[in-house]
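Trainee: Sharing a structure below in structure tokens format, with a few things to ask.
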Amino acid sequence: MNRIRGKTAVVTGATAGIGEACVLALAERGARVVLLGRRRDRLDAVAARATAQQRGETGGQAGGGALVYALDVRDRAGVAGFADWLSREGIAPDVLVNNAGLARGLDKLHEGSAEDWDEMIDTNVKGLLDMTRALLPGMVERDAGHVVNVGSIAAHVVYPKGNVYAATKFAVRALTDAANLDLVDTRVRMSSVDPGLVETEFSLVRFRGNAGRARQTYEDVEALQPEDVADAVCYVLNAPPRVNVQRMIVMPTVQRSPFVMAKRLAQ
Ligand code: NDP
Ligand code: 8X3
């Protein structure tokens, strides 16, 4: 059964990787999608593909369109402006996918940079909080809605030099758990989907555009693809209203922990 068709879903970080894959998967299942991210050209390109999915040109089911809104989730006033824009457009989101996020650098804590820490904390924690604070009240008022936070295996296991990135994902895990307590007397659900290694632009961003260094992360490893995480997000969203998948950990088969990874076998 498709419980996603006809829903309106806001997806942050929709210009690349997991967010882009979520947009396309939701559109394919007939949702109206609202895409957020900073890169306007990419937003437009992903929205065009989502619309094609909805028209059934690529096998999707009819849906309600794709809207774009360029936004830096660290801009608190901008997030409030986005919520106002939704109201003015008469859009009441059924779904919020808090996916925008990043890691910067891979350093020992005592060698890390305060700028990198600020960027991770402001995006992964405060950006997610502000988006949630802006859209969750409407869901509570309507007594319907679902927030899915894209967490990480780094919310469960810390790995060397992953310190502040892991701290932000531990925070997301705590916030998901805490919000579920606060939402207990409503029909609004909050979930986190926590992936292991996914092949996206994540490492390119982490290593500030060093493509060679980024490539090493995925070399000889059968990492998850963004579509795999989008599938998990859709599973969580498609669950019957009585079911709240509070947390789902999705790992590559070759990675049983951040410390235990099998290299791809030679062909
Ligand atoms: P990508 O770098 O491919 O995509 C990141 C997305 O986040 C982009 O769309 C980017 O858009 C957006 N984004 C980043 N900063 C901001 C900001 N300040 N404001 C608005 N949008 C922003 O990485 P992934 O797809 O891999 O990452 C998505 C999520 O998945 C992150 O939360 C990450 O922590 C998590 N994750 C990733 C894993 C991996 O191995 N790749 C594993 C586990 C979790 P733009 O630059 O256009 O603003
Ligand atoms: C991002 C993936 O491998 O750095 O959450 O934990 S990893």
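The values are calculated or read from the model by the stated rules, or taken from the named source; none is laboratory data. All values derive from a computational prediction rather than experimental measurement. Positions of Cβ are generated from backbone atoms using ideal geometry, with glycine treated the same way; all protein chains shown enter the neighbour counts. Protein only, heavy atoms only, side chains kept; ligands, DNA and RNA dropped before computing areas. Shrake-Rupley method; radii C 1.70, N 1.55, O 1.52, S 1.80 Å.
Trainee: Does the range 131-153 contain any residue that is of a type outside the set (Val, Ile, Thr), closer than 22 Å to Gly209 by Cβ, out of contact with any Gly (no Cβ under 7 Å at 6 or more places or on another chain) and part of a loop (DSSP other than H, G, I, E, B)?
Mentor: Looking for residues that are of a type outside the set (Val, Ile, Thr), closer than 22 Å to Gly209 by Cβ, out of contact with any Gly (no Cβ under 7 Å at 6 or more places or on another chain) and part of a loop (DSSP other than H, G, I, E, B), one finds at least one in the range 131-153, hence yes.
Trainee: Sticking with this one: If you go through the range 117-145 one residue at a time, how many are over 14 Å from Ala167 (Cβ atoms) and crowded, with 23+ Cβ neighbours inside 10 Å?
Mentor: Selection size over the range 117-145: 4.
Trainee: Which residue, of Gly127, Gly151, Gly105, Gly90, is more than 11 Å from ligand 1 (Cβ to nearest atom) and under 19 Å from Gly17 (Cα atoms)? Spell out how you get there, then give the answer.
Mentor: Working: Gly127 fails: more than 11 Å from ligand 1 (Cβ to nearest atom); Gly151 fails: more than 11 Å from ligand 1 (Cβ to nearest atom); Gly90 fails: under 19 Å from Gly17 (Cα atoms).
Only one candidate passes the filter, namely Gly105.
Trainee: Restricted to the range 185-194, and to residues that are β-branched (Val, Ile, Thr) and more than 12 Å from the chain's Cα centre (by Cα), which residue is farthest from ligand 2 (Cβ to nearest atom)?
Mentor: Here the answer is Thr186.
Trainee: Restricting attention to the range 90-105, which residues are farther than 24 Å from Met120 by Cβ and touching a residue at least 12 places away in the same chain (Cβ under 8 Å)?
Mentor: Our first condition is that a residue be farther than 24 Å from Met120 by Cβ; within the range 90-105, this holds for 90-95.
Of everything in the range 90-105, those that are farther than 24 Å from Met120 by Cβ and touching a residue at least 12 places away in the same chain (Cβ under 8 Å) turn out to be Ile91, Ala92, Pro93, Asp94, Val95.
Trainee: Let me ask another. Go through the range 236-250 and report how many residues are within 21 Å of Ser152 (Cα to Cα) and either part of a strand (DSSP E or B) or open to solvent by 50 Å² or more (accessible area, probe 1.4 Å) (or both).
Mentor: Residues that pass the stated criteria total 6.
Trainee: Quick one: in the range 159-171, of everything that is assigned to a loop (DSSP other than H, G, I, E, B) and not small (Gly, Ala, Ser), which residue is nearest to ligand 1 (Cβ to nearest atom)?
Mentor: Only one residue fits best here, namely Tyr159.
Trainee: Being more than 30 Å from Gly30 (Cβ to Cβ) and either of a type in the set (A, V, I, L, M, F, W, C) or open to solvent by 20 Å² or more (accessible area, probe 1.4 Å) (or both): is that true of Ala114 here? Walk me through it before giving the result.
Mentor: Working: more than 30 Å from Gly30 (Cβ to Cβ): yes; either of a type in the set (A, V, I, L, M, F, W, C) or open to solvent by 20 Å² or more (accessible area, probe 1.4 Å) (or both): yes.
Yes; evaluated as a whole, the condition is true for this residue.
Trainee: Pick out, from the range 1-99, the helices (runs of 4 or more DSSP H) lying fully within it that include 3 or more residues that are in contact with a Phe, Trp or Tyr (Cβ under 7 Å, 6 or more places away or on another chain) and surrounded by 15 or more Cβ atoms within 10 Å (Cβ to Cβ).
Mentor: In the range 1-99, there are no helices (runs of 4 or more DSSP H) which contain 3 or more residues that are in contact with a Phe, Trp or Tyr (Cβ under 7 Å, 6 or more places away or on another chain) and surrounded by 15 or more Cβ atoms within 10 Å (Cβ to Cβ).
Trainee: Right, something else. Quick check on the range 172-188: of everything there that is open to solvent by 30 Å² or more (accessible area, probe 1.4 Å) and small (Gly, Ala, Ser), which residue is farthest from ligand 1 (Cβ to nearest atom)?
Mentor: If we take residues in the range 172-188 being open to solvent by 30 Å² or more (accessible area, probe 1.4 Å) and small (Gly, Ala, Ser), then Ala178 is farthest from ligand 1 (Cβ to nearest atom).
Trainee: For the range 148-156, check the following and say yes or no: at least one residue is open to solvent by 50 Å² or more (accessible area, probe 1.4 Å) and in contact with a Leu (Cβ under 9 Å, 6 or more places away or on another chain).
Mentor: No: the range 148-156 contains no residue that is open to solvent by 50 Å² or more (accessible area, probe 1.4 Å) and in contact with a Leu (Cβ under 9 Å, 6 or more places away or on another chain).
Trainee: Which of the following residues is touching a Lys or Arg at 6+ places or on another chain (Cβ under 8 Å) and of a type outside the set (Ser, Thr, Tyr): Glu222, Glu227? Show your work before the answer.
Mentor: Values: Glu227 fails: touching a Lys or Arg at 6+ places or on another chain (Cβ under 8 Å).
One residue alone meets the criteria, Glu222.
Trainee: So is Arg264 part of a strand (DSSP E or B), open to solvent by 20 Å² or more (accessible area, probe 1.4 Å) and at pLDDT below 95 or not?
Mentor: no
Trainee: Go through the range 251-260 and give me each residue that's within 14 Å of Ser152 (Cα to Cα), open to solvent by 10 Å² or more (accessible area, probe 1.4 Å) and part of a loop (DSSP other than H, G, I, E, B).
Mentor: Those that are within 14 Å of Ser152 (Cα to Cα), open to solvent by 10 Å² or more (accessible area, probe 1.4 Å) and part of a loop (DSSP other than H, G, I, E, B): Met251, Pro258.
Trainee: Would a scan of the range 195-208 turn up a residue that is open to solvent by 50 Å² or more (accessible area, probe 1.4 Å), modelled with pLDDT of 95 or more and away from ligand 2 (no atom under 16 Å from the Cβ)?
Mentor: Scanning the range 195-208 turns up no residue that is open to solvent by 50 Å² or more (accessible area, probe 1.4 Å), modelled with pLDDT of 95 or more and away from ligand 2 (no atom under 16 Å from the Cβ).
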